[in-house]
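Let me begin by presenting the structure, written as structure tokens, before commenting on it.
The values are calculated or read from the model by the stated rules, or taken from the named source; none is laboratory data. Quick caveat, the model's predicted, so the values are computed rather than measured. Here the Cβ positions follow ideal geometry from the backbone for every residue, glycine too, while neighbour counts run over all protein chains shown.
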Amino acid sequence: MTRNVAIVGTGHSKFGNRHDVNMPELAWEAIKQAIDEAGIEQKDVEFVSFSNVGGWSSEGLASVVSLEYAGLTGAGLYRVEAACSSGSAAIKAAHDAIASGEADIAMAIGLEKMNESPTPTVIEFIGRAGNFFWEFQNFGLTFPGYYALYATAYMAKHGATEEDLCKVAVKNHYYASLNPKAHFPIPITVEKCMKSRYIAWPLKLYDCSPITDGAAAVVLASEEVAKKLTDSPVWIESIGVSSGTSNLSRRDDFLHLEAGTLAADRAYKKAGLSRDDIVKHVDVAEVHDCFTIAEILAYEDLGFAKRGEGYKLIRDQETYKGGKIPVNLSGGLKAKGHPLGATGISMAVDLSRQLQGRVEKERQADIKVGRALAHNIGGTGHYAYVTLYSLSKPRR
Amino acid sequence: MSMEYSVPIYWRNRVNYYKLIGGRCKKCGRVFFPPQSRCPYCSSDNVEPVSLPRIGRLLSYTVSYNPPEGYKLQTPLIIGLIDLGETRIIAQLTDVSLEEISEGIEVEAVVRKIREDRTAGLIHYGYKFRPVISH
């Protein structure tokens, strides 16, 4: 049995350094919006998949605490972990609960409160997001260092420059400045980015996403229930998932993320699409720009650009609103912020609102075909999720 | 390190700190790194440890200006991805200035200080790679 699944409610907290609230309070900001939008009550929610990477924050069982605070106790529940793509994994889990017929209404809730630990602890936790002994503990490699190895290899092979990387940051900060939920709603210039200090050469401060607190939530419903709740459902058209080796030394090359490429192809195949002309079939995309190089790799892994030409898309401003394929009109992980467990769900929230034409006017994409794409990577291509959202009901 | 780990984590890996050891599958013949008891290519359990070449070529590198606790005194930390022929390895680079580094240079393994224990001040040694000076 497989059934259509739609997003019928979305919620998004303010992202930032949220010392003003505790974990369940932060989750509630997103949960309340999502429940209100869907027009349901807590008792209607049969199942919750909760994404939270945790470790650095106070609550060991943030999912249970948040459900109690929100009045959702009693719903089926588990916590989902897929590193930085935990949110997309949670959406898949809730989707599958409905698609399989086990539930009619389910929620995916993402929460991360990274600022509850000192920065060195957070750096160490993220640095261990790979292979603990062989690539972190022996060598002191940090998470920006993993992506820096890709950046160095990519620049050497294809001739991209540090300015090209900074142009990604400039775009995403520009769109964050139009998004009141963003952590850093501040425009920057290429010059400011180029003058920022190196974190892991060639990546500088402004090439890196910040340590952020935030929450996001969606209410999902079966086709039958969605029809009763809303006139404008956003359908989950397809989900492609893949994974990569923990050891970067076992990757074939450092010019692309194989897991991201595989996840894209799997999502496209299910939707009857091809990477060759995917840009014609997608109005707007959110891609995983934890570092600026990651957005350029994503352009190529998704088929937005040919191999070796991703950096030309940003050079030619083709990923701005009105360009060939608008990317990260929310500000992206880079400037909206990257609270790990919330990120994938934040993408779903923003893309749903994009498709429905209800984000801030200056960052609203032109919706022509009615399809949006979320590309969410865990670690350095350790997990990969590509999800297609559509205004048209998928054919089964 | 800002966090403490249990002693067996170090003890179990003690050989691997000082020697470049990979695995070789006796069934399919392929060499792999890191070593493990199951061949990552053909799934055979019939594997043996093998010494890896000490000389390789630098594929990519990064310069870390914000390393974890325990490495701060060595900032900036240069970390390379090194091609050892049949396998690749990630390791710190040493005895080299930033001007001397570029993709493709030949590097060789040496034993060096890796980091200091936070509380006891113990010095941890292990392998690093430096540019090949002469043949």
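Listing for the model above:
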read-out	value
Subset of region A:104-124 that is touching a residue at least 60 places away in the same chain (Cβ under 8 Å) and among the aliphatic types (A, V, I, L, M) - its residue that is nearest to the other protein chains (Cβ to nearest Cβ)	A:V122
Residue, nearest to A:Y146 (Cα to Cα), within region B:60-88, restricted to residues that are touching a residue at least 24 places away in the same chain (Cβ under 8 Å) and aliphatic (A, V, I, L, M)	B:V63
Single residue of B:E86, B:E69, B:E103 found to be more than 13 Å from B:P131 (Cα to Cα), charged (D, E, K, R) and touching a strand residue (DSSP E or B) at 6+ places or on another chain (Cβ under 8 Å)	B:E86
Complete set of residues in region A:246-262 that are assigned to a loop (DSSP other than H, G, I, E, B) and touching a residue at least 24 places away in the same chain (Cβ under 8 Å)	A:S246, A:N247, A:R251, A:D253, A:F254, A:L255, A:H256, A:L257
Residue within region A:170-193 that is of a type in the set (S, T, N, Q), touching a helix residue (DSSP H, G or I) at 6+ places or on another chain (Cβ under 8 Å) and within 13 Å of chain B (Cβ to nearest Cβ) present	no
Filter result (on the phi > 0 side of the Ramachandran plot and either buried (at least 20 other Cβ atoms within 10 Å of the Cβ) or touching a His at 6+ places or on another chain (Cβ under 7 Å) (or both)) within region A:73-124	A:A83
Positions within region A:148-166 being more than 8 Å from chain B (Cβ to nearest Cβ), crowded, with 24+ Cβ neighbours inside 10 Å and either farther than 30 Å from A:F132 by Cβ or of a type in the set (S, T, Y) (or both), in sequence order	A:Y154, A:C166
Failed condition for B:C39, given (1) more than 19 Å from the chain's Cα centre (by Cα); (2) surrounded by 14 or more Cβ atoms within 10 Å (Cβ to Cβ); (3) within 12 Å of chain A (Cβ to nearest Cβ); (4) modelled with pLDDT of 85 or more	(3)
Condition broken by A:S232, with the remaining ones in (1) surrounded by fewer than 19 Cβ atoms within 10 Å (Cβ to Cβ); (2) in a helix (DSSP H, G or I) satisfied	(2)
Residue among A:V64, A:V122 that alone is more than 24 Å from A:T387 (Cα to Cα), at pLDDT below 95 and hydrophobic (A, V, I, L, M, F, W, C)	A:V122
Of all residues making up region B:42-97, the number that are in a strand (DSSP E or B) and in contact with a Ser or Thr (Cβ under 8 Å, 6 or more places away or on another chain)	14
Every residue from region B:104-135 that is at pLDDT 90 or above and of a type in the set (D, E)	B:E106, B:E108
In region A:125-135, the residues that are more than 22 Å from the chain's Cα centre (by Cα) and at the interface with chain B (Cβ under 8 Å from one of its Cβ atoms)	A:N131, A:F133, A:W134, A:E135
Yes/no for B:D83 being more than 13 Å from chain A (Cβ to nearest Cβ) and of a type outside the set (F, W, Y)	no
Total residues in region A:192-209, condition touching a strand residue (DSSP E or B) at 6+ places or on another chain (Cβ under 9 Å) and either on the phi > 0 side of the Ramachandran plot or touching a residue at least 24 places away in the same chain (Cβ under 8 Å) (or both)	11
